[in-house]
Structure formats: C-alpha cells, structure tokens
Amino acid sequence: MKDAFSTYHPAVNFCYFTLVLLFSMFFMHPVCLGLSLSCAFGYSVYLNGGKALRFNLYYLLPLLLVAALVNPAFNHEGATILAYLRSGNPLTLESIAYGLAAAVMLAAVICWFSCYNAVMTTDKFVYLFGRVIPALSLILSMTLRFVPRFKAQIKVVSDAQKCVGRDVATGSLRQRARHGLTILSIMITWSLENAIETADSMKSRGYGLPGRTAFAIYRFDRRDKRAFLFLALCGGYIITGWAFGGLYWRYFPTLKGAGPELYSVSLYLCYLALCIAPVVLNIREDRKWKAIQSGI
Amino acid sequence: MQDNPLFSANWALTSVVFLCLVIAAFFWSFERRHASTKVITLIATMAALAGVGRVPFAMIPGVQPTTFLVMITGYVFGSRAGFMVGALAALVSNFFLGQGPWTPWQMFTWGMSGFTAALLAGKDKKFKRRSFIILAAFWGYLFGWIMNIWHWVGFIYPLTWETFLATYLASFPFDTLHAVGNATFSLLFGKTFYNILERFRKKCSVTLSDLHSMDRSK
C-alpha cells in the first residue's frame, strides 16, 4: 500500500479517526471547519485518487450547495437582514453563514469517513475489537466475506439456469419474474446450506474453546508510540482550549466568537497539525523513498 | 429562546450518540449469550444477503429487498436475530455504498424492523401473510419517517413544526415507493422465503438436539 499512515498500528489509526471525526462534528468555528474540510479533502484525494475527486465534485458539492441554500429559506433568525423573501420573511446573513457551516461540517465528516474506509480495513477492525466483542467482530468479517462470495455464486446459478432454458432475459414478463424467483430461492437455499457447513466446520476446528489465540501481524513499535504521544498532546491541547472557550463561535443573533488572538491561533495551528498529519507523513515517506533511491 | 439550552444543543450529535447506545445495548446482549456457530453463520449469511440485495437497487429510490429480508429473518428466527441482521445489513452495505453519519440511523431502523417482525410472529409460527404484508408496507413509511428525523436535525437549523412537516412531505413519495416495494416483495417471495427459512430453522434445531442427546448418552 502506498499510504504511510496505514502502516501504523491499528490502534493509532482508529484513535486518529475517532478524534478527527468528533472534532469535526463538535467544532462549529469557521476556521476549524475550513481546516477540517480541506485536510479531509486532500487526504481522501491522496488515498483514492481521481475517484475521490469525482465523488467529491459530483456528490459533495451539490449536497453542500443544497444544504447552504435550504437553511436561509427556512431560518429567519439573525440580526443582519440582507433582503426580504417573497413570503415576507427576512433573509439574514447569519442564517446563510450557518447553512454554509453546517454543510461544510457534513462534507468534512463524509470526507473523513471515506478516508476511514480506506485506512481501517476490516482485518484491523477485527484485530482491535476481536477481544472485546469476539462474536460480533467475527460476524462482521464473515458477512463482508460472504458478499463477494454470494455475488460469484449468483452468477453460477443464473448461468446454470440459462442452460436449462430458464433465462431471466427471455420470455414474457411473467416467465422472467418466475425465473428470477427460482434463481433467488436457489440462491438463498444454497447460502443457508453453506452456513450450516461453515458452522459445522468451525465447530470441528474448535471455535469457542478456551485458550485459543488469533494471529495478527501488527506490532506496537517506537514509531507508533511517538504517533500516539502526538495524538494525545494535540487532542489534549485542543480539548482544553475548547473547554476554556478558545474555539467559541456563535451564529445567532450575530456572528461572534474567538478571533485571531495568540491563544486561539495556537489552537488553530494545533488543529491543523492534527488534521494534516497523515498527508505530512506520506510526503515525508515519499521524500525518504526518493532520497534512498537516488542514493543507489 | 436563545438562552434555552435545549435550543442550542447539538441535536444531530446527541441523537447519534443515543442511537449508538441503543445499538450497543442490543449487540452487548447478543455478545453475552455466547452464540453457537450455527447462529453466528446464520446471522452473517442473512445480513450478507440483505446487504447485497440493496446494492443493485441503489439506483431506484426507495425500492430494495433489504427490509423484506430483514423482516422475514426476524419473523422466523426471533427478535434478537432480526435486530442483528438488520443492523449488520445496514453496516455492511454501507461499506459499498458509503459510510456516514446516517449509518447508525439505518442500523437502528432496519434492526427495529426485524425486531417488530418477530413480535408479529408470536408463538404459533405460522406465516400470517396478510399481516406480514401490512407490517412490511408500514415499515416502508416508518423507515422514511425515522430517517427524516436524521435529515431534520442534521441539516435544517430551526427545529420547528413548519420545517418538520416540510421534511415529511418531501419524503412522502419515496416512502410510498419503499412501502409498495416491501409489499410486492412480501406478496411474491413471502411464502417461499418463509418455507426455506423455516426448513433451515428446523434442520438446525434437529442437529442441535441430536448433539444434546449425544452428550447425555455419554
């Protein structure tokens, strides 16, 4: 994998995303929102390439616009009146600002989630929670494995049905529906039989017996310790800053909040450092790799 | 009004935390029972089927077989299995369709649809076709109504009756599609799927009681 942050210990990855997601949902300060969205956007493009860019443009941008437009149409609070709508309700600067902020918050959360999906693969999730919720994490990984398996099997079944003349693509609508139903019921029977066999196989291999351990390839080394320390320091500083009002912002009745004082700026910088950390790690890794290559 | 702490509370976050707690409570009660391998594979299978069923229908708004599959599982295998299958189907299908703040809401809503279907089944375990179809259609609407709450507290700032009604009116056509889809699936596949699952349930319980009698004879 190209991404350097993914090679860290799963606990580091998970803590990072929990922290960033919670902060993105909690802090409605415009600076925080802007930082969070731009870093999440950058990282998602780094991880998923052009696909993420297309998704963000086609899906997130309209969502952002709609959310930003809907809010002032319904919300008439705020002191700065810009104009009057046809219904006689005022259009206020504050409601537009809030609509934008809510939209940016949502977009940032969705962006961070797309990064989470790319970094926290299911094996990492099962490794982290396998001991706390063994049955559930097993079910989750089994379900995820069954999905591609069922997709392959449904193709096998429908091909076989095609050979005996029960093609879903030919015949009258009624016949097609009946063939589709046959395929579905074959499919569900097959998968339930498969479930019984899997269950028996698991039992005969000693599932649930005490004293069994799971193999994992992850190791918590010095690099992970440093990353953890960084997360704890940044997170701690930001949370204390938030508790002391350093990230305070209100939208109604007038826009007001923590401005560019030294203390607040230090909090913004800390937040930026936290959000941009994976991208920085990747850039550093790329540089190192290039330096070693040119050394050869 | 501005000083009211209820007004300034972050309702989107609060509701998500609350839902996560409800889901966690269900999951925890399942975890504590030390489920057998049969139950584990059954839940994983049905959740995968329900989750896969959602993906090809993603283009058509509202219509998908997931609700029907979750409900029939709950109907045959009981409330706990119904909830687990619904919650997992939502979680797993969102790995393909996209995770987001709506995931806990979908997990909760589909979980509850499986849960209530089990309540309908009652003791005699016969397939009550008409009531099942009615419940499935009702869940088409209820699903939309619960998801609307998310939309309402997440997107729209003034939480008033006016915006509430506007949200619900906007979603009405999609909810109707969902309800019609559910009723159609129940009408066409209800009896067949009930028979298949019921046969599987008997098969499982026969194997299990055989094991028990073997244990006793030792």
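The values are calculated or read from the model by the stated rules, or taken from the named source; none is laboratory data. Just so we're clear, the structure is a prediction, and the values are computed from it rather than from any experiment. Cβ atoms come from the backbone with ideal geometry, glycine included; neighbour counts cover every protein chain shown.
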Of all residues in segment A:116-153 being of a type in the set (Phe, Trp, Tyr) and more than 19 Å from the chain's Cα centre (by Cα), which is surrounded by the most Cβ atoms within 10 Å (Cβ to Cβ)? A:PHE146
Of everything in segment A:159-178, what is within 41 Å of the chain's Cα centre (by Cα) and away from chain B (no Cβ under 14 Å)? Give them in sequence order. A:ASP159, A:ALA160, A:GLN161, A:LYS162, A:ASP167, A:ALA169
Quickly run through segment B:155-188 and pick out the residues that are among the hydroxyl-bearing types (Ser, Thr, Tyr) and either modelled with pLDDT of 90 or more or not in a loop (DSSP other than H, G, I, E, B) (or both). B:THR163, B:THR167, B:TYR168, B:SER171, B:THR176, B:THR184, B:SER186
Can you pull out the residues in segment A:209-266 that are of a type outside the set (Ser, Thr, Tyr), farther than 30 Å from A:ALA102 by Cβ and outside any helix (DSSP H, G or I)? A:LEU209, A:PRO210, A:GLY211, A:ARG212, A:ALA214, A:PHE215, A:ALA216, A:ILE217, A:ARG219, A:PHE220, A:ASP221
Determine whether segment A:98-112 contains at least one residue that is over 20 Å from the mean Cα position of the chain (by Cα), within 11 Å of chain B (Cβ to nearest Cβ) and either more than 30 Å from B:PHE95 (Cα to Cα) or assigned to a helix (DSSP H, G or I) (or both). yes
Every pair of residues 6+ apart whose Cβ atoms lie under 9 Å, when the first sits in segment A:268-294 and is more than 19 Å from A:ALA227 (Cβ to Cβ) while the second is assigned to a helix (DSSP H, G or I): A:TYR268/A:VAL31; A:TYR268/A:CYS32; A:TYR268/A:LEU35
Say whether the condition of being under 16 Å from the mean Cα position of the chain (by Cα), at the interface with chain A (Cβ under 8 Å from one of its Cβ atoms) and closer than 22 Å to B:CYS204 by Cα is met by at least one residue in segment B:58-75. no
Is it true that some residue in segment A:136-154 is at pLDDT 85 or above and not in a helix (DSSP H, G or I)? no
